[in-house]
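**Student:** Got a structure for you, questions after.
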Amino acid sequence: MDPVAAIIQQQLASGAFMQQEEEIDYSGGSDVPDIMRVTKKNNVLPIWGNQTTMNLNTLVLENVKESYYYKNHLIEIDTFQPLIDEIFYQVKHLEPWEKGTRKVQGMTGMCGGVRGVGAGGVVSSAFCLLYRLFNVRVTRKQLISMLNSRQSQYIRGIGFMYVRYTQPPADLWYWFESYLDDEDEIDPRSGGGEVITFGQMVRTMLTKLDWYGTLFPRIPVPIQKDIDEKFTERKRLYMEEEMDYRSQRRGEDRDKDRDRDSKKREGSVPAAKPPDAKLPKVSRCKHHLRHHHCRKHRKTCPNKAKRLRKERDEAEKKLTLESEAKENGSAPMEN
């Protein structure tokens with residue numbers, strides 16, 4: 001038997017190839033969060049909460065099940081890609097109700113927003129497709145492809161909503177963290193007029209329960225406190241980076257001013273300054289030195305420094321002219 005074939009047969013017998021195949025990382029790259037690393041072991045997503053209702057509000061869920069779009073069309077689709085195509089062509093917003101179809105005027109108490117199908121309106125195609133994706137059981141790889149889709153902003157939006165409704169609260173931060181600074185825009189309101197970034201959208205999902213008249217599943221208090229602390233830490237790090245950037249820019253501006261002043265003085269002999277000449281001192285106010293981020297002094301101090309620098313330049317120019325005048329007056333006597 002060929003030696004190579006013998007080695008391969010031995011590894012197959014020991015199960016080494018199977019073990020390597022199970023650990024294949026389909027996500028690619030070492031900077032991907034652990035929760036988005038797709039392997040054969042973790043490709044099946046866990047479902048948190050109710051396994052049949054997807055944690056949807058009862059009113060919304062009943063309207064979804066009774067809607068013509070869901071009963072006569074979506075119920076026949078049982079694969080992932082056709083549902084994505086439906087999102088691309090049918091979804092125009094992310095609210096649970098179509099615009100102008102839900103009227104709660106005159107309803108009081110529990111009838112105003114919770115009980116009975118009749119209290120609802122025309123449920124949106126977004127929530128019908130969201131619930132159908134839940135019944136099809138989206139895999140981790142498919143969900144990640146939705147979150148990073150470039151085909152439609154609403155494919156991404158429904159992907160984030162799927163995470164918020166179905167994934168364990170302890171995992172929400174790790175799902176959303178890499179999108180907190182996402183500047184791509186989406187308009188989730190029915191009828192338009194409320195354009196937000198995906199970063200703002202996922203922040204809302206992590207900090208608020210209300211979503212255009214319906215509710216997200218409640219996050220346990222200890223986990224919500226941990227999320228709030230992580231937001232506070234992110235804000236602190238951001239402020240430190242901004243302060244370092246501003247101080248670096250100020251240093252660069254001072255170097256540019258110094259170089260510009262030195263170039264202006266090249267070729268001329270600096271005039272001797274009288275020992276008693278006092279020039280205006282350019283400095284920041286004491287408050288600005290202690291609180292350089294204070295909005296009150298953000299504009300005042302640069303204006304003050306600019307004014308003092310101008311006075312200093314004028315004083316130096318005056319001294320230079322006086323010195324040159326004295327030298328010109330004494331030149332004929334020396335000849």
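**Student:** A 29 angstrom limit on the alpha carbon distance is what I want to check against. Which of Lys256/Lys304; Lys41/Lys225; Lys263/Lys304 exceed it?
**Tutor:** Lys41/Lys225
**Student:** Using the Karplus curve 6.51 cos²θ - 1.76 cosθ + 1.60 with θ = phi - 60°, work out ³J(HN,Hα) for each residue of segment 243-258 in order, rounded to whole Hz, and write x for Gly and Pro.
**Tutor:** Residue by residue, segment 243-258 yields 5, 5, 5, 5, 5, 5, 5, 4, x, 5, 5, 5, 5, 5, 5, 5 Hz.
**Student:** With θ set to phi - 60° and the Karplus curve 6.51 cos²θ - 1.76 cosθ + 1.60, what are the ³J(HN,Hα) couplings of segment 140-155 in order, to the nearest whole Hz, using x for Gly and Pro?
**Tutor:** Using θ = phi - 60°, the values come out as 4, 5, 5, 5, 5, 5, 5, 4, 10, 5, 10, 7, 8, 5, 7, 5 Hz.
**Student:** Under 19 Å Cα-Cα from Lys99, which aspartates and glutamates qualify once same-chain neighbours fewer than 8 residues away are excluded?
**Tutor:** Hits, sequence-local ones excluded: Glu62, Glu66, Asp187, Glu194, Asp210.
**Student:** OK, next. Starting from the Cα of Glu314, step 7 Å along the direction of its Cβ; do the same at Lys208; then give the gap between the two resulting points in nm.
**Tutor:** Placing both labels 7 Å along Cα→Cβ, they lie 5.3 nm apart.
**Student:** Mind listing the long-range amide H neighbours of Trp211? Cut-off is under 5 Å, sequence gap 5 or more, other chains count too, H placed in the peptide plane at 1.01 Å from N.
**Tutor:** Result for Trp211 returns Phe216.
**Student:** Which aspartates and glutamates have a Cα less than 14 Å from the Cα of Lys208, not counting those fewer than 8 places away in the same chain?
**Tutor:** Those aspartates and glutamates meeting the cut-off are Asp228.
**Student:** Enumerate the aspartates and glutamates that Lys40 could reach by cross-link, defined here as Cα to Cα under 12 Å, with residues fewer than 8 away along the same chain left out.
**Tutor:** Glu21, Glu22, Glu23, Asp25
No value in this document is a laboratory result; all are computed from the given coordinates. Note that the structure is predicted; figures quoted are calculated from it, not measured. As a convention, Cβ positions derive from the backbone with ideal geometry for all residues, glycine included, and neighbour counts pool all protein chains shown.
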